[in-house]
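Novice: Sharing a structure, written as C-alpha cells. Questions coming.
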Number of protein chains: 2
Amino acid sequence: MQGLYAIEGNLAFAPALGELTTIPRGYIIVEDGIVRDVCKRLPSGLSPEVISYGDAIITPSFCDLHLHAPQFPMLGTGMDLQLLEWLSTYTFPLEARFVDTAYAQRVYRKLARALVRRGTTRVCMFSSIHREATLVLMRELERAGITGYVGKVNMDRNGPKDVLESTEQSVEETRRFLDECGQYAHLKPLLTPRFVPSCTDALMQQLGDIAREYPDVRIQSHLSENMEEIAWVKELSPDCAQYWQVYEKFGLFKPHTLMAHCVYSDEAERAAMKRAGVWVVHCPDSNTNVASGIAPIRKMLQEGMQVAMGSDIAGGAKLSMTDVAAEAIRVSKLRWLFSDKKEDFLTVAEAFYLITTAGQAYFGAQPGFGEGEPLHAVVFDDSRFVHEPKKSLQERLERLIYLSNPSDIIAVYSEGKKAAL
Amino acid sequence: MQGLYAIEGNLAFAPALGELTTIPRGYIIVEDGIVRDVCKRLPSGLSPEVISYGDAIITPSFCDLHLHAPQFPMLGTGMDLQLLEWLSTYTFPLEARFVDTAYAQRVYRKLARALVRRGTTRVCMFSSIHREATLVLMRELERAGITGYVGKVNMDRNGPKDVLESTEQSVEETRRFLDECGQYAHLKPLLTPRFVPSCTDALMQQLGDIAREYPDVRIQSHLSENMEEIAWVKELSPDCAQYWQVYEKFGLFKPHTLMAHCVYSDEAERAAMKRAGVWVVHCPDSNTNVASGIAPIRKMLQEGMQVAMGSDIAGGAKLSMTDVAAEAIRVSKLRWLFSDKKEDFLTVAEAFYLITTAGQAYFGAQPGFGEGEPLHAVVFDDSRFVHEPKKSLQERLERLIYLSNPSDIIAVYSEGKKAAL
C-alpha cells in the first residue's frame, strides 16, 4: 500500500528477552510501506487513512530460521523413526523428486502460501540439491511475499545416489546458483552443506573457498543434533575434537553462520559459537519428534549466545511458529525438571521473543515494529475464544501461542505490503 | 438417523495396542443407530442408503477421560506457573464463578460444542463444587450429543472460601446431585473428591460411605501428579505410606476408579492400582505444561494396567484428543531418551489406541466400531494436505494425529446419531 496510513489494533511485541510491551488499541503509522511511528494515539495534526482491526491483536510477523522446503509433502508423517533411519526411509527419497521442477513448483507454491497463512514472513531455508528447484522455491516465496535466505543443499556422500552430487557437480551447481539467484528482490542465497556426514572434506574445502570469495553470502548447516550423528562425525573427522571444528577448519564457522539444533553442544562448543558469531537455531519440535533431545536453551541465553527458532519441518511437524514457541516452552519445562530445577524454563514472553525479535535481528531488523523499516506484522482475530472473565492482552497473546490456528490470522504484512492469504 | 444405512469411507481403527486396521473405501452398516457390520464391500442382497464420505478417513470418535469443565475459559493461559501456584492464582478464582448457573450455561454450551467439533463423544469430567452448575453441564453435554460421566467436585479444605464447602454441605450436595442427575439418558454421575489435599478425612469417609451405598457410581480423582503434591499428601496423611492408600483407606480405590496423572506412581503404587482395577488417565500435555513430569506410560502398558487418556484442560492446553495423542508420543520419546532408551516410546498406532479403543473399554464398548453397539465415529476430510507422493492410510492417519484442526472434521456420530457441528 502506498501513501500514509495507520493500522489500529492491540499491539504486542517483545523489546528484549523476557519483556513484553502491549499497547491497547494502538497505532502503527506507515508511509510507503515503512513504519514511521508506533503510538498509543494518532499524533495531532496527522490524519492518515486508518485501517482498524478493532479488538484484534497485532504482533510482528514470525521468523523461521530453519526448515527444509522439500520435506513439506511429508509433514506429520514418518514420526515413528529416529533421525538417521528417518532420513533414509522418508526424507531422501522425497527430496530426490525435486529434480522435477514442475513438482517443485506445485509443492513450493503450497508451502509459500502455508507460511504466509501462519504469519511467517522471514525464513532461512534448506532446499534440495537441485539448483533449478531452488530457484523455483525462491520465486514462489517472493511471489507470496516471503523474505529471507534460501540454500541449495550440498551433499556428495552418505546418501542414495539420487540425492547425491559428485563433488565437482556440487561446487559447480553452487556457483551457478549464486550467479542465477540475483533476480529476487527479497531472497538471498545461503551456502548449505547439509551436515558433516553428507559432505566430503574436498567439498567442504571448496565451499570454504566460495565463502571467502563471496564474503556476504551466509552459511547454514546442522550441528550436534543427535548422539549417533555426533559419534559418526567423530569417526569421519578424527582430527577434530569437536563437531563444530569441522566447519571451522573449512572456513564455514563465521558471523551469521546458522547452526540448527545444537542439542548436545557443550560449554566449549557453545563458547566457540559465541566467539565466532555463529547463531543457534533452536528447533524444539523436531528435536522431540526425531527423539534427539532437549537443547540447553536457557544456558545458551544466559551465556549471551545468539539464538533464534526454527520449525525444522518435516522433523518438526508444526509449520506455525506459534506452535513451535509452545513446544519450546513445553520441552524447556521438562529440561527444568530434569536439571533439578536449575535451568529455568522459558516463559511465554521469552518464547514470543525468540520467534519474533531474535529472528528479526538476524535479518538486521530492530525489535517490535521497527521505525524506518518495512512493516512486518500479523493480525490475529481471537474472538472465537472465551473472553469471560476478561483477559489481559498478555493472556490473550499467550492463548494465541498455545491455541491459534491459521484461520485466526486475518492479515499479514511483509516488507510493507499486505500479503494475500 | 433411523432405518438401515451404510457409511462409506476409509476406515481406520485400533483392534489392540499397537495394531492398526485400515479398510480402504469400506462400509459401516448401521440400523437404527446400531452398528450391524463393518466390511470391505456391501453384502450382496443388502441395499441400504449409502452415505458416502468419498476419500475421507473415518475413525472411532475419541474418549477424553479427564478434564475440568469449568477451566475451559482459561484454556491456554496462565501456563508460566506450576501446579499449586497455578491452582490458587487462576483455577480456583475461575471455578468460584460457577455458582452463577447462567455463566455456567454460557461456558458449558461452548465447551460441549468444542468437544464435538474435535470428535470427542465420550468423556469423564470434573465440574466444580456447584451442584446446579454440574447439572447444567450434564444438560449441555447431552444436548450436544456427548456421553459419559460427570462429577460434582468435593472440596472442604485448602482452598479459598468461595471454592470450599463445609464437610456436611459437601456430602449433602453430593447426595442431592446423585438424586437429581437421573434425568439424563447418556450422562451418569461420578464421585469426585478433588484430590487428597482438598478433602478432610471426614469428607473422604462419608464419600466412601456413599460409594458403598451406590455401588454402581464410579469414582474419579488425581494421584501422584507432582512431587510437591505427593510430599503434601504424606504430611496430611502420615499413616499412609503411599498416596494411593489414602483413597483405599476410605473405600474409594476400586474397579473403574479413575486416577488422573500417576506421573510418579512407582511399582508398588502401580501394582496396587492394577490389583484394585483402578484406571490410569494419562494427561501428557498437562503434565508438561504445569511442569509435573512424564508418566511411565510404557511401564504401565507392559504391566497390563488399564490406561486411557485425558486432555486435562486447562492444565492441558489442547482440547483435541488427536493433539493430546501427539503430545503423548512427544513426551514418550523424551522419556525413552532419558531412560537410556529402555522405555520404548509410543508409536502412532499406540497413541491412537489410547484415545479410542482404550477409552471405549472404560465405557464397556468394543474396539473399533463395535458391532451391536451405537455408532461413535469421526469423519476427517484431509484433502487440504499435500497428497503427492501418495500416502498410505496409516500415514494419513498419522498426519491427522499430528496436524488436524477441528475444521478437518466434517461429521461426528455419537450414540448412533449424527451430531451437529
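Novice: What's the total number of residues in the stretch A:223-239 that are part of a loop (DSSP other than H, G, I, E, B) and not polar (S, T, N, Q)?
Specialist: Residues of the stretch A:223-239 that are part of a loop (DSSP other than H, G, I, E, B), as a first pass: A:224-226, A:237-239.
So of that shortlist, the ones also not polar (S, T, N, Q) come out as A:225, A:238-239.
Here the count works out to 3.
Novice: Would you pick out the residues in the stretch A:262-303 that are closer than 27 Å to B:LEU403 by Cβ and either of a type in the set (Val, Ile, Thr) or away from chain B (no Cβ under 14 Å) (or both)? If you could, list the steps in order and put the result at the bottom.
Specialist: Of the residues in the stretch A:262-303, the ones closer than 27 Å to B:LEU403 by Cβ are A:262-263, A:280-295, A:297.
Listed by number, the residues that qualify are A:CYS262, A:VAL263, A:VAL280, A:VAL281, A:HIS282, A:THR288, A:VAL290, A:ILE294, A:ILE297.
Novice: Moving on. So A:SER407 clears everything in (1) in contact with a Leu (Cβ under 6 Å, 6 or more places away or on another chain); (2) facing another protein chain (nearest Cβ under 9 Å) except one condition, right? Which one?
Specialist: Among (1) in contact with a Leu (Cβ under 6 Å, 6 or more places away or on another chain); (2) facing another protein chain (nearest Cβ under 9 Å), A:SER407 violates only (1).
Novice: Please pick out the residue among A:GLN220, A:GLN206, A:GLN242 that is modelled with pLDDT of 95 or more and assigned to a helix (DSSP H, G or I). Explain how you work it out, then say what you get.
Specialist: Numbers: A:GLN220 fails: assigned to a helix (DSSP H, G or I); A:GLN242 fails: assigned to a helix (DSSP H, G or I).
Criteria check complete, one pass: A:GLN206.
Novice: Looking only at the stretch A:330-356, filter to residues that are facing chain B (nearest Cβ under 7 Å) and more than 17 Å from A:GLY293 (Cα to Cα); which one of those is least open to solvent (accessible area, probe 1.4 Å)?
Specialist: Filtering the stretch A:330-356 down to residues facing chain B (nearest Cβ under 7 Å) leaves A:330, A:333-334, A:336-338, A:345, A:347-348.
Applying the additional criterion that residues be more than 17 Å from A:GLY293 (Cα to Cα) yields A:347-348.
Details: A:THR347: 43, A:VAL348: 11 Å².
Within the stretch A:330-356, the match that is least open to solvent (accessible area, probe 1.4 Å) is A:VAL348.
Novice: Every residue in the stretch A:307-329 that is touching a residue at least 40 places away in the same chain (Cβ under 8 Å), within 11 Å of another protein chain (Cβ to nearest Cβ) and not in a helix (DSSP H, G or I), please.
Specialist: A:ILE313, A:ALA314, A:GLY316, A:ALA317, A:LEU319, A:SER320 - these are the residues of the stretch A:307-329 that are touching a residue at least 40 places away in the same chain (Cβ under 8 Å), within 11 Å of another protein chain (Cβ to nearest Cβ) and not in a helix (DSSP H, G or I).
Novice: Residue by residue through the stretch B:71-119, note down the ones that are in a helix (DSSP H, G or I), open to solvent by less than 50 Å² (accessible area, probe 1.4 Å) and at the interface with another protein chain (Cβ under 10 Å from one of its Cβ atoms).
Specialist: B:PHE72, B:PRO73, B:MET74, B:LEU94, B:TYR103, B:VAL107, B:LEU111, B:ALA114
Novice: Among what's in the stretch A:267-319 and is among the polar types (S, T, N, Q) and open to solvent by 10 Å² or more (accessible area, probe 1.4 Å), pick the residue that is farthest from B:TRP336 (Cα to Cα).
Specialist: Taking the stretch A:267-319 as the starting set, the residues that turn out to be among the polar types (S, T, N, Q) are A:286-289, A:292, A:302, A:306, A:311.
Subsequent filtering for residues that are open to solvent by 10 Å² or more (accessible area, probe 1.4 Å) retains A:302, A:306.
On the way: A:GLN302: 28, A:GLN306: 30 Å.
Applying the filter and picking the extreme gives A:GLN306.
Novice: If the Cβ limit is 7 Å and pairs must be 6+ apart or interchain, which residue in the stretch B:129-149 that is assigned by TED's automatic domain parsing to the domain that holds B:GLU168 pairs with which residue that is of a type in the set (A, V, I, L, M) and assigned to a loop (DSSP other than H, G, I, E, B)?
Specialist: From residues that are assigned by TED's automatic domain parsing to the domain that holds B:GLU168, the pairs are B:ILE129/B:MET155; B:GLU142/B:ALA185; B:ALA144/B:ALA419; B:GLY145/B:ALA419.
Novice: A further question follows. For the stretch A:364-387, which residues satisfy the criterion of being farther than 22 Å from A:ILE401 by Cβ and among the acidic types (Asp, Glu)?
Specialist: Passing the criteria: A:GLU371, A:GLU373.
Okay, residues lined up against (1) hydroxyl-bearing (Ser, Thr, Tyr); (2) under 30 Å from A:PHE92 (Cα atoms):
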residue: A:GLY293; (1), (2): no, yes
residue: A:PRO296; (1), (2): no, yes
residue: A:GLN306; (1), (2): no, no
residue: A:GLY310; (1), (2): no, yes
residue: A:LYS318; (1), (2): no, yes
residue: A:THR322; (1), (2): yes, yes
residue: A:ALA325; (1), (2): no, yes
residue: A:LYS342; (1), (2): no, no
residue: A:PHE345; (1), (2): no, no
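Novice: Restricting the search to the stretch B:38-70, which residues are within 14 Å of chain A (Cβ to nearest Cβ) and not in a strand (DSSP E or B)?
Specialist: B:ALA69, B:PRO70, listed by residue number.
Matching residues to (1) within 26 Å of the chain's Cα centre (by Cα); (2) under 30 Å from A:VAL163 (Cα atoms); (3) in the same structural domain as A:GLU350 (by TED's automatic domain parsing):
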{"site": "A:ILE28", "(1), (2), (3)": "yes, no, no"}
{"site": "A:ARG41", "(1), (2), (3)": "no, no, no"}
{"site": "A:VAL50", "(1), (2), (3)": "no, no, no"}
{"site": "A:ASP55", "(1), (2), (3)": "no, no, no"}
{"site": "A:LEU67", "(1), (2), (3)": "yes, yes, yes"}
{"site": "A:PHE72", "(1), (2), (3)": "yes, yes, yes"}
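Novice: Sticking with this one: Quick check: is even one residue across the stretch B:255-262 open to solvent by 50 Å² or more (accessible area, probe 1.4 Å) and assigned to a loop (DSSP other than H, G, I, E, B)? Steps first, please.
Specialist: Filtering the stretch B:255-262 for residues open to solvent by 50 Å² or more (accessible area, probe 1.4 Å) gives B:255-256.
Then keep just the ones that are assigned to a loop (DSSP other than H, G, I, E, B); that gives B:255-256.
Checking the stretch B:255-262: at least one residue is open to solvent by 50 Å² or more (accessible area, probe 1.4 Å) and assigned to a loop (DSSP other than H, G, I, E, B).
Novice: Across the stretch B:153-193, what is the total count of residues that are small (Gly, Ala, Ser) and either farther than 30 Å from B:HIS376 by Cβ or open to solvent by less than 20 Å² (accessible area, probe 1.4 Å) (or both)?
Specialist: First pass over the stretch B:153-193, keeping only residues small (Gly, Ala, Ser): B:159, B:166, B:170, B:182, B:185.
Adding the requirement that they be either farther than 30 Å from B:HIS376 by Cβ or open to solvent by less than 20 Å² (accessible area, probe 1.4 Å) (or both) leaves B:159, B:166, B:170.
Within the stretch B:153-193, residues that are small (Gly, Ala, Ser) and either farther than 30 Å from B:HIS376 by Cβ or open to solvent by less than 20 Å² (accessible area, probe 1.4 Å) (or both) number 3.
Novice: Still on this model: Taking the stretch A:375-394 only, how many residues are open to solvent by less than 40 Å² (accessible area, probe 1.4 Å) and either assigned to a helix (DSSP H, G or I) or in contact (Cβ under 8 Å) with a residue 60 or more places away in the chain (or both)?
Specialist: Result for the stretch A:375-394: 8.
The values are calculated or read from the model by the stated rules, or taken from the named source; none is laboratory data. For clarity, every value in this text was computed on a predicted model and none was experimentally measured. All Cβ positions, even for glycine, are placed from backbone atoms using ideal geometry, and neighbour counts span all protein chains on display. These area figures cover heavy atoms from the full protein model, side chains too; ligands, DNA and RNA do not enter into them. Shrake-Rupley method; radii C 1.70, N 1.55, O 1.52, S 1.80 Å.
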